[in-house]
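Below is one structure, written out as structure tokens; the observations come after it.
Read-outs throughout are calculated quantities, based only on the coordinates presented, and are distinct from any laboratory measurement. Since the model is a prediction, treat every value here as computed from it, not as a measurement. Neighbour counts are summed over all protein chains in view; Cβ atoms, including those assigned to glycine, are modelled from backbone coordinates with ideal geometry.
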Amino acid sequence: MTDFLWGAAASAYQIEGAWNEDGKGESIWDRFVRWPGHVLNGDTGDVACDHYHRMESDVALMAELGLPWYSFTISWPRILPRGRGAVNPKGLDFYDRLVDTLLAHGIQPKATLYHWDLPQALQDAGGWPNRDLTDFFADYARIVFDKLADRVKIWATFNEPWCAAFLGYGYGTHAPGIMNAQAAYQSAHHLMVAHAKAVQVYRQGNYGGEIGLLLNLNHLLAASERPEDRAATERVYAETHRIFLDPLIHGRYPEAFYAWLGPHAPQRADDDLSLIHNSADYLGINHYNTDTVAYDVHSGWLKARLTPYAAPGWGFTTMNWGINPAGLRAELLDLKENYGNPKILVTENGCALPDRPDGNGFVADWGRIAFLREHIRQALAARQEGVNLQGYFVWSVFDNFEWERGYSQRFGLVRVDYATQRRIPKQSALWYREVIQSNALAV
Ligand code: NOJ
């Protein structure tokens, strides 16, 4: 497997802290976490893993763990405190140093422009339902490319646009906490237009690398063969897969689904489709779990009730996500068969488990190893079956801030003791190093 990318990932708001330092502007998450009751235990990302101040030693630790690739995300309000206009040089400088430090340690950087921390000033201008943001995003992208693209050769525009649009504007569990189906679908469409405009900037700028999009594709199983359950499953598939993949890869919208949505369907401009079509050099898949889907007239606008599904012998993570490693293989094969076998990276995979540190803070997380081993095995099996899979990234390098669940969930290969900020590699980090070193699955 020459050139297969092995790595691990993290995101800006979840690890950096320094929420109001060195000229950084306020993000929608900085605002949302201060809204009582919206985040478990009132946790915030104000400090998180304090990575902003510990970046050098964190990178040195990643090198010790043998990570060939590190996937990080850039905080838009650190670069442009108000989302547009004046650039904050100290913000750019942080990522510039991060990239240099990674390369000095022999770690390749992979960067994502947006992982949910929209500048609050742009939310005040209407947020993602406002089409103007598509241009503001492309302007922001150009500033970042001009600074970093000489050294960063794999880019992503958006991480999980479904979450940004639907958890943020539809279900209201993420910032900015809005509950409006039309706003969610409009946001999802604008995120795709913003993605495509940033890709256009990248391609026209001849920056000499690759750029893609990271989608969270959970696997879905109809709860039964009843036509209404199958139709409900198809609607969830449309909302999570088709609205992004159909225009991107096939150059068409899921019109039947938009017709079903009626007034919730997004407004689209004439040129959007040609802009979005073929606007990704690779597809990033974030995959964690499987749900069964049943028709339920009382379950939201999709009339679909999701129930976590665990394969026999597997259980549920502390997120209450069902573990079904074969779901990853099924999703990869679906992309091969129905979406033209694009180049794929698994850009996130991992699990939150009830880690129990010993007296030294060491976690013997054999459950996480079992999870990772079987998911890697399934991903590589799909590769054997012809899926154009070129890399795999564990979520996450460190335990970190898990959004509305605060610090209650631990996904890391490395334990973080939040009281002292001590980093302690878990058993899974040592195991993953061996997998990478042998460039194969160590069993
Ligand atoms: C998806 C997101 O990209 C990331 O922010 C989150 O922490 C993990 N999955 C786990 O939920």
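So the values come out like this:
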| quantity | calculated |
| --- | --- |
| Lysine-lysine proximity count for the chain, Cα under 27 Å, sequence distance 8 or more or distinct chains | 22 |
| Burial order of peptide ranges 160-172, 24-36, 253-265 (average beta-carbon count within 10 Å, highest first) | 160-172, 24-36, 253-265 |
| Alpha-carbon radius of gyration plus Dmax, which is the widest Cα pair, for region 31-121 in Å | 15.0, 43 |
| Label-to-label distance, nm, for residues given as GLN200 and ALA440 (7 Å Cα→Cβ offset) | 4.8 |
| Fewest-first ranking of LYS197, LYS90, using other Cβ atoms within 10 Å as the exposure measure | LYS90, LYS197 |
| Taking the chain and dividing mean pair separation by its residue count, relative contact order in percent (alpha carbons under 8 Å, at least six apart) | 16 |
| Mean separation of Cα contacts under 8 Å (6+ apart) over length of region 208-261, as relative contact order % | 23 |
| Residue-averaged [θ]222 nm for the chain, counting only DSSP H segments that reach four residues, each worth -39500 (n - 2.57) | -10500 deg cm²/dmol |
| Span from the region 372-443 Cα centroid across to the region 15-60 one, whole angstrom | 22 |
| Under-5 Å amide H pairs with ASP365, H placed in peptide plane, nonlocal only | GLN427, SER428 |
| Span from the region 234-280 Cα centroid across to the region 140-216 one, whole angstrom | 16 |
| Fraction of antiparallel bridges per DSSP, the chain only, in percent to nearest 5 | 25 |
| ASP132-ALA364 FRET efficiency (beta carbon distance; Förster radius 51 Å; 0.05 resolution) | 0.50 |
| Burial order of peptide ranges 398-405, 54-61 (average beta-carbon count within 10 Å, highest first) | 398-405, 54-61 |
| GNM result for the chain, Cα springs below 10 Å: residue of GLY42, GLY208, GLY300 fluctuating most strongly | GLY300 |
| In nm, spacing of pseudo-spin labels at ASP3 and SER224 (7 Å Cα→C-beta vector) | 5.0 |
| Amide hydrogen neighbours beyond the local backbone of ALA222, cut-off 5 Å, H modeled | VAL293 |
| Estimated dipole of region 241-306 in Debye, rounded to 20 [Cβ of Lys and Arg +1, of Asp and Glu -1, Cα centre] | 260 |
| Fewest-first ranking of VAL201, VAL387, VAL293, using other Cβ atoms within 10 Å as the exposure measure | VAL201, VAL387, VAL293 |
| Whole-Å semi-axes of the ellipsoid equivalent to the chain (Cα gyration tensor, √5λ, descending) | 29, 27, 22 |
